[in-house]
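Below is one structure, written out as structure tokens; the observations come after it.
The values are calculated or read from the model by the stated rules, or taken from the named source; none is laboratory data. All values derive from a computational prediction rather than experimental measurement. So basically every Cβ, Gly included, is an ideal-geometry build from the backbone, and we count neighbours across all protein chains shown.
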Amino acid sequence: MPVAIVPQKTLKSAISCSGIGVHSGQRVQMVLHPAPANHGIVFRRSDVARSAAQPADALIQADWRSVVDSRLCTTLGNAARTTVSTVEHLMAAFYGCEIDNALVEVSGPELPIMDGSAAPFVFLIECAGVRELDEPRRAIQVLRPIAVEDGSRRAVLRPGVGLTITCEIDFESAIVARQHFALDLEPATFRTEISRARTFGFAAEIDRLRAAGLARGGSLDNAVVIGKDRILNAEGLRFADEFVRHKVLDCVGDLYLAGAPILGHVEAVRVGHALNYRLLRALFEQPGAWRMVEMTTTYGVAGRREGLRAAGD
Ligand SMILES: [Zn+2]
């Protein structure tokens, strides 16, 4: 059966949007630029670049090693202490659209929240178009189980075919309660099942965050807000289980900070950004637990998921 290398991808052309940061409330401009093979996803703070001592001071690699905060959202930073926050939804869109390389220029410290989901970013990427590059796409194949825990929260990576995820949430709120979701992550399933799921928050908690100077840009336009006994958004939910689907979205975005797609099964129980980050760190701290592979396509029923070869083979 013929085997073909799966190429790395980038955007066909640059595309921009503007919006507000959910925590800062600050209006920002964002431009997604094409980038060459093996460039990876890199953020560039255009506001910092104007006054930076070195051009590199404005650049932040989308990599788990760059994570500087993972409490409310995922924040990345560099040695010059330049940071960019709330990268997870855009990273999820890059994962879902199989974009390996891009330069993301942003005019402030936080990415725009858009509607609180990854769908506007998927739309942007589709409008820009996707271009194949002349280098093979690499992936991180999980070879041994890795688990991290925090009380009743648990994140586990196991060897598997493709990327599959099972996610569970359990909130005291009767509206969210316990939800379970399992998915075989492919570009098509990401788009239809996950990308539109919005971030959510509890009205009481949002008041507390606001008092602490956070969630300043948060509104019913960019989050599902849960009151005492009802959802405050007039339009209701996009999926009956939108909450757990958004957790999957966050997890996919956070795990794409591995620097390449992960091939394995993710079990995520009551996870948040902090645990997603710890899972990546735990994986890379164990050299025998993973290997870099080149993705190949075997044309036939088995599809591309069958095709892997160790990088360098
Ligand atoms: Zn999120």
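Among the residues of region 255-262, is there at least one that is more than 30 Å from Leu133 (Cα to Cα), within 16 Å of the ligand (Cβ to nearest atom) and surrounded by 16 or more Cβ atoms within 10 Å (Cβ to Cβ)? No: region 255-262 contains no residue that is more than 30 Å from Leu133 (Cα to Cα), within 16 Å of the ligand (Cβ to nearest atom) and surrounded by 16 or more Cβ atoms within 10 Å (Cβ to Cβ). Would you check if Glu132 is surrounded by fewer than 23 Cβ atoms within 10 Å (Cβ to Cβ), within 14 Å of the chain's Cα centre (by Cα) and away from the ligand (no atom under 16 Å from the Cβ)? So Glu132 fails the test. The residues of region 273-300 that are over 12 Å from the mean Cα position of the chain (by Cα) and within 16 Å of the ligand (Cβ to nearest atom), listed by number, are Ala274, Leu275. Considered as a group, the residues in region 84-111 that are hydroxyl-bearing (Ser, Thr, Tyr) and in contact with a strand residue (DSSP E or B) (Cβ under 7 Å, 6 or more places away or on another chain) include one that is surrounded by the fewest Cβ atoms within 10 Å (Cβ to Cβ), and that residue is Ser107.
The one condition from (1) under 27 Å from Gly25 (Cβ atoms); (2) of a type outside the set (A, V, I, L, M); (3) under 16 Å from the mean Cα position of the chain (by Cα); (4) surrounded by fewer than 16 Cβ atoms within 10 Å (Cβ to Cβ) that Arg198 does not meet is (4). Within region 279-296, is even one residue among the polar types (S, T, N, Q), in a strand (DSSP E or B) and at pLDDT below 95? Within region 279-296, one or more residues are among the polar types (S, T, N, Q), in a strand (DSSP E or B) and at pLDDT below 95. As a summary of the residue check, Asn233 satisfies the conditions (1) buried (at least 24 other Cβ atoms within 10 Å of the Cβ); (2) away from the ligand (no atom under 14 Å from the Cβ) except for the one numbered (1).
Here Leu72 fulfils each of the conditions (1) more than 16 Å from the ligand (Cβ to nearest atom); (2) of a type in the set (A, V, I, L, M, F, W, C); (3) within 19 Å of Val271 (Cβ to Cβ); (4) surrounded by fewer than 22 Cβ atoms within 10 Å (Cβ to Cβ) apart from (1).
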